[in-house]
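Reviewing the structure listed below.
The values are calculated or read from the model by the stated rules, or taken from the named source; none is laboratory data. Treat the numbers as computed from the prediction; the structure is a model and nothing was measured. Here Cβ is always computed from backbone atoms with ideal geometry, including for glycine, and neighbour counts include all displayed protein chains. In case anyone asks, the SASA skips ligands and DNA or RNA and just uses the protein heavy atoms, side chains included. Shrake-Rupley method; radii C 1.70, N 1.55, O 1.52, S 1.80 Å.
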Amino acid sequence: MRQQPLLVCVSTPAFDYSTVGGYPLRAAANVGRLIKLWETREAPYTAVRSGGARGQNDLRPGGALFEAGELVFDSVRCSLLRNHKFRSFHDDIGAPPIMMIGGGLESTIVATAIDAYWFNIQLTVIGDAVYPARNLTVGECGTVLKILSNFVDVVNLEFVEND
């Protein structure tokens, strides 16, 4: 039997998630859809706060804000896989494959993807559920995702709306 993947939503407090203004609506919608899907299936998911100080709010399952807690990990512009609390959590739940969404492509996602390759951890980045980085255009983000595909799986999803 296959193990359910762990959904990891990377969120950066510098981004204003209350409005989707500067981000592609598709990425924002896909982040929300994936979180709802994981909640519905009672599959494991968590979040990482990237690039911000402790105590700042982030995205949370259900569309509200993440509060500090056991399943919210802080990663300041580095790989989530170098966070000892996250690695302990990941190992405790059986070291499932990881799916990363949210966040920008200038820090945590890139570093985590490269570390996943070197640590031999199965990682998938959902490309159309990742926000453009602060300093990159949408086209440049596509190039970053193409480069990352040399290290980890990068996929895009087509959601079919059911009535």
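Total residues in the stretch 42-79 satisfying the condition of being buried (at least 17 other Cβ atoms within 10 Å of the Cβ) and either out of contact with any strand residue (DSSP E or B) (no Cβ under 7 Å at 6 or more places or on another chain) or modelled with pLDDT of 90 or more (or both): the figure is 3. Every condition in (1) in contact with a Cys (Cβ under 7 Å, 6 or more places away or on another chain); (2) at pLDDT 85 or above is met by Pro132 except one, and the failing one is (2). Exactly one residue out of Ile109, Ile126, Ile101 is aliphatic (A, V, I, L, M), within 19 Å of Tyr45 (Cβ to Cβ), touching a Cys at 6+ places or on another chain (Cβ under 7 Å) and at pLDDT below 95, and it is Ile101.
Only a single item in (1) open to solvent by less than 10 Å² (accessible area, probe 1.4 Å); (2) assigned to a helix (DSSP H, G or I) is not met by Met100, and it is number (2). Identify all residues within the stretch 111-156 that are within 12 Å of Leu81 (Cβ to Cβ) and in a helix (DSSP H, G or I); write none if there are none. Within the stretch 111-156, Ala111, Thr112, Ala113, Ile114, Asp115, Ala116, Tyr117, Trp118, Phe119 qualify.
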